[in-house]
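Accompanying notes for the structure given below.
The values are calculated or read from the model by the stated rules, or taken from the named source; none is laboratory data. This structure is a prediction, so every number in the text was calculated from the model and none was measured. Note: ideal-geometry Cβ built from the backbone for every residue, glycine included; neighbour counts use all protein chains shown.
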Amino acid sequence: MGIDFTKVRILAALITLLALIVEPFIPAQRQQVYPAPDRALWPFTDSSHPEMVNFEWIDQSQGVFRCTISQGYSYAVCGVSLNLAGDNGDVVDLSGYDAIKVKLDYQGNSPKLRLFIRDRTAGLLEPDAPLVMHKYLRVRVRPDEFLGGGKVQLSEFSVADWWRDQYEVPRQYAQPTFTNATAFGVDISTVGEHLVRIDSIELEKPWIKHTSLLYIVLVGWALLLPWEAGTRYLSLKRLATDREARLSKLVRNYRELTRAQERLAKESITDTLTSVLNRKGLEDVCSRLFAPGEVNEGALLLIDLDHFKAVNDNHGHDCGDRVLQVLAHLLRINTRDGDVLARWGGEEFVLLCPGLQLEQAKSLAAKICTLVALTVVDEELGLVVTASIGIAEIEAGESFSRVFKRADIGLYQAKSTGRNRWCVGPDEYESPDHA
């Protein structure tokens, strides 16, 4: 049994789709940096104007403090800072994290709070450089966004202009960096009294970055497709000799069938209502296609409308005729040029498909069932009908009558199991004369 590449690709596509859908919902990895035994919040204010800015701990163990700014000026600031590395470290690499989650409570008149990160940029600052010289990255946020715990992406932080100007920082060092983070903090610069409680600070990062996932998917497909191409090539090479003879004969049959269809077009072999072959026309084609010694492999589909009598009884024969015309049109536009379509009688149609494999016939039958069920036959009445289909695979040397009987059994099974579906007839059928 050969490899079903369609199933392999579908499986690979489903895995890819599942990975991309599930990835945003995978809980992020979290590292709590506050409260923590080796980390504490440190207050800071503008020490040059103590009469204008005042900091007061309300409950240091709970991270509750009050800032009072009595007069606004350029450097009026009050807040707290957290040493990210704790007591046992110097710097922390935040480049692998995506966001910082902060849970806090604020009471005051400031519309925005400022969150900041200090980074001791490598190549710019010495290891013993004071914290005030470390790169200052900040973002302004609304306090109510963090009441129950809010996240700020590291990509939202930008380098403060005053830091670049004050320390005359070269351009190559003036971009946001997080590899040598030293501190994270919250501060306020609005005149007024501000009561703040810092409940928790957490660092967040995904289990797998989105770019890494895309890279894995890309590599997977890059390996899958060449593997499929190579395997197909080897398989086709082995089968080429075998199939060349069969293909030659199928082509001759197809050409003969085409010539026969042209001749039959001049005769009275067309169903006047649906413009497809009638029963006589189908029998004429089958006499050639199923002649002794001919390669007649393929599939036969026996198609029957469900509850057609009810359509005639409830809506009249004119409506029933329109239903048959619509079905014939759907079948014509969804079959190959070499296929033979005929009205067998009443609401029953035969579709003969030379060279069509059984799996392809199943797919075609499912497509026809779906198209019929989705087609509004009469717009005024809003009439929709369904069809049942019996399938039989044509075996080499088999007569049309035996193939038809197997398809008819498949149709009966489709009808008896609920209609609006297809069923494959038995592989073999023994005539009652030989039972």
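Kindly indicate whether any position in region 374-382 is in contact (Cβ under 8 Å) with a residue 12 or more places away in the chain and under 27 Å from ARG252 (Cβ atoms). No, there is no match, as no residue in region 374-382 is in contact (Cβ under 8 Å) with a residue 12 or more places away in the chain and under 27 Å from ARG252 (Cβ atoms).
For region 148-164, the count of residues that are among the aromatic types (Phe, Trp, Tyr), surrounded by fewer than 18 Cβ atoms within 10 Å (Cβ to Cβ) and in the same structural domain as ALA40 (by TED's automatic domain parsing) is nonzero. Restricting region 291-350 to residues that are more than 26 Å from CYS423 (Cβ to Cβ) and of a type in the set (Gly, Ala, Ser), the residue that is surrounded by the fewest Cβ atoms within 10 Å (Cβ to Cβ) is GLY293.
Being without any contact (Cβ under 8 Å) to a residue 60 or more places away in the chain, over 42 Å from the mean Cα position of the chain (by Cα) and in the same structural domain as LEU371 (by TED's automatic domain parsing) is a description that does not apply to ALA260. Looking at TRP221, TRP207 in this structure, which one is under 30 Å from TYR97 (Cβ atoms), under 39 Å from the mean Cα position of the chain (by Cα) and in a loop (DSSP other than H, G, I, E, B)? Being under 30 Å from TYR97 (Cβ atoms), under 39 Å from the mean Cα position of the chain (by Cα) and in a loop (DSSP other than H, G, I, E, B) holds for just one of TRP221, TRP207, which is TRP207.
Highlighted here would be strands (runs of 3 or more DSSP E) found entirely within region 1-67 that include at least 2 residues which are exposed (fewer than 14 other Cβ atoms within 10 Å of the Cβ) and hydrophobic (A, V, I, L, M, F, W, C), but there are none. Residues of region 79-91 that are at pLDDT 90 or above and either among the β-branched types (Val, Ile, Thr) or outside any strand (DSSP E or B) (or both): VAL80 alone.
Taken over region 270-300, the residue count meeting the criterion of being free of Cβ contacts under 8 Å to residues at least 24 places away in the same chain and in contact with a Pro (Cβ under 6 Å, 6 or more places away or on another chain) is 0. The requirement of being farther than 27 Å from HIS49 by Cα and either of a type in the set (A, V, I, L, M) or at pLDDT below 95 (or both) is not satisfied by ALA76. Within region 311-335, being closer than 23 Å to LEU352 by Cα and in contact (Cβ under 8 Å) with a residue 60 or more places away in the chain holds for VAL323, LEU327. Residues of region 398-414 that are touching a residue at least 40 places away in the same chain (Cβ under 8 Å) and out of contact with any Gly (no Cβ under 9 Å at 6 or more places or on another chain): GLU398, SER399, PHE400, PHE404. Does LEU195 satisfy the criteria of being at pLDDT 95 or above and surrounded by fewer than 18 Cβ atoms within 10 Å (Cβ to Cβ)? Here the answer is yes, as LEU195 does meet what is asked. Remark: pairs (first residue in region 200-220, more than 15 Å from GLN153 (Cβ to Cβ); second residue part of a helix (DSSP H, G or I) and of a type in the set (Val, Ile, Thr); Cβ separation under 6 Å; 6+ apart in sequence or on different chains) = VAL217/THR16. For region 127-134, the count of residues that are of a type outside the set (Phe, Trp, Tyr) and at pLDDT 90 or above is nonzero.
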